[in-house]
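A short worksheet on the structure shown next.
Rule-based calculations on the coordinates, nothing more; no lab input. Predicted model only: the values in this text are computed from it and were never measured. So basically every Cβ, Gly included, is an ideal-geometry build from the backbone, and we count neighbours across all protein chains shown.
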């Protein structure tokens with residue numbers, strides 16, 4: 001069987017390594033990315049750290065890529081216990097691919113028996129999503145700061161923003177916007193007063209959720225993983241862990257693609273519920289107690305120790 005992977009980001013690189021460990025050769029294709037770090041984004045949070053370690057330790061030493069480890073996070077002004085690491089993502093992706101070659105040309109799909117779509121927001125090899133897509137504009141920059149800034153996440157009716165310390169005096173700042181007009185939304189620090197930008201870029205994030213991104217497979221040969229099938233938390237925009245988990249699930253159902261799709265939809269059914277909450281925000285409606293419980297479940301899933309009362313207070317502060 002001839003196998004190709006379209007996309008050499010975290011999901012494509014992890015799937016490539018999974019296949020290689022099983023003795024399955026795959027050709028890796030990707031576009032030239034005209035950004036300094038060659039990835040969007042360059043560094044990001046992985047949570048919980050135990051799942052990051054579980055996934056990466058199958059092939060590499062997880063500690064080699066950890067920039068910082070955190071036991072708390074400031075969410076909408078409230079400090080809660082957390083379990084998160086920031087990771088040198090370009091180095092991790094590079095080492096997952098190892099000696100493999102990334103071809104910077106269009107993928108000739110007719111030449112392959114199976115094509116893994118790891119193209120993220122492009123979803124290049126799967127049919128278009130039926131219904132509304134949630135492709136959120138994302139703006140991010142890496143900065144140096146003379147002052148220490150905490151790991152933080154802030155949400156509002158406009159979207160969400162973050163500050164991730166990535167080692168030394170460097171930070172990854174950014175925000176995802178649900179609205180086109182976002183002037184004045186971001187409360188992240190600007191350049192000046194001890195802060196200087198190293199690099200910056202803009203892209204999009206797919207928050208559609210797998211349930212609304214079907215089909216995840218097509219024509220018996222095309223199969224999506226990671227962000228191409230909406231495996232991103234709609235309310236927080238987190239996707240690195242799920243990108244790698246999709247690779248695991250695909251390998252477990254390599255000869256049963258229908259079973260793979262069913263497994264993804266079942267595993268990430270909570271994303272469907274978060275998508276419903278996102279639709280309410282998009283329509284300018286308030287969130288319910290059920291939505292708060294959905295967020296609470298997600299928080300616990302990523303290692304945050306937060307109570308229902310705190311979640312309700314966070315929503316009150318944000319919206």
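What is the distance, in nm, between label points placed 7 Å from the Cα along the Cα-to-Cβ direction at residue 57 and at residue 255?
For residue 57 paired with residue 255, the spin-label model returns 3.0 nm.
Could you list, bin by bin from short to long, the percent of Cα-Cα pairs of region 52-178 in 10 Å steps?
P(r) for region 52-178, in whole percents per bin: 10, 27, 33, 23, 6, 0.
For the chain, what proportion of DSSP beta bridges, expressed in % and rounded to the nearest 5, is antiparallel?
If I count the DSSP bridges inside the chain, around 75 percent turn out antiparallel.
Using the Kirkwood radius built from alpha carbon pairs, what does the Stokes-Einstein equation give as D for region 205-315 at 4 °C and 1.567 mPa s, in µm² per second?
The diffusion coefficient I find is 88 µm²/s.
Would you work out the relative contact order for region 1-137, in percent, from Cα pairs under 8 angstrom that are 6 or more residues apart?
37 percent
For helix 308-318, what angle does its Cα long axis make with the longest principal axis of the chain, in degrees from 0 to 90 and rounded to 10?
So the helix axis and the longest Cα principal axis differ by about 80 degrees.
Any idea what angle helix 257-267 forms with the longest principal axis of the chain, computed on alpha-carbon atoms, 0 to 90 degrees, nearest 10?
So the helix axis and the longest Cα principal axis differ by about 10 degrees.
Calculate the spin-label point distance for residue 288 paired with residue 148, positioning each point 7 Å from the Cα along the beta-carbon direction, and give it in nanometres.
4.4 nm
Give the span of the chain's Cα atoms along each principal axis, as three whole-Å numbers ordered largest to smallest.
Result, largest extent first: 53, 40, 35 Å.
Kindly put 249, 1 in sequence by how many other C-beta atoms sit within 10 Å of each C-beta, fewest to most.
1, 249
Nearest 0.05, what FRET efficiency do residue 202 and residue 31 give at R0 = 22 Å with Cβ-Cβ as r?
Efficiency, from the Cβ-Cβ distance: 0.85.
For 273, 31, 300, 89, which order do you get if you count the other beta carbons within 10 Å of each Cβ and list the fewest first?
If I rank by nearby Cβ atoms, fewest first, I get 300, 31, 273, 89.
Using Cα pairs under 8 angstrom and six or more residues apart, how large is the relative contact order of the chain, in percent?
For the chain, the relative contact order is 20 percent.
Which whole-number percentage describes the relative contact order of region 209-297, with Cα contacts under 8 Å and a sequence gap of 6 or more?
30 percent
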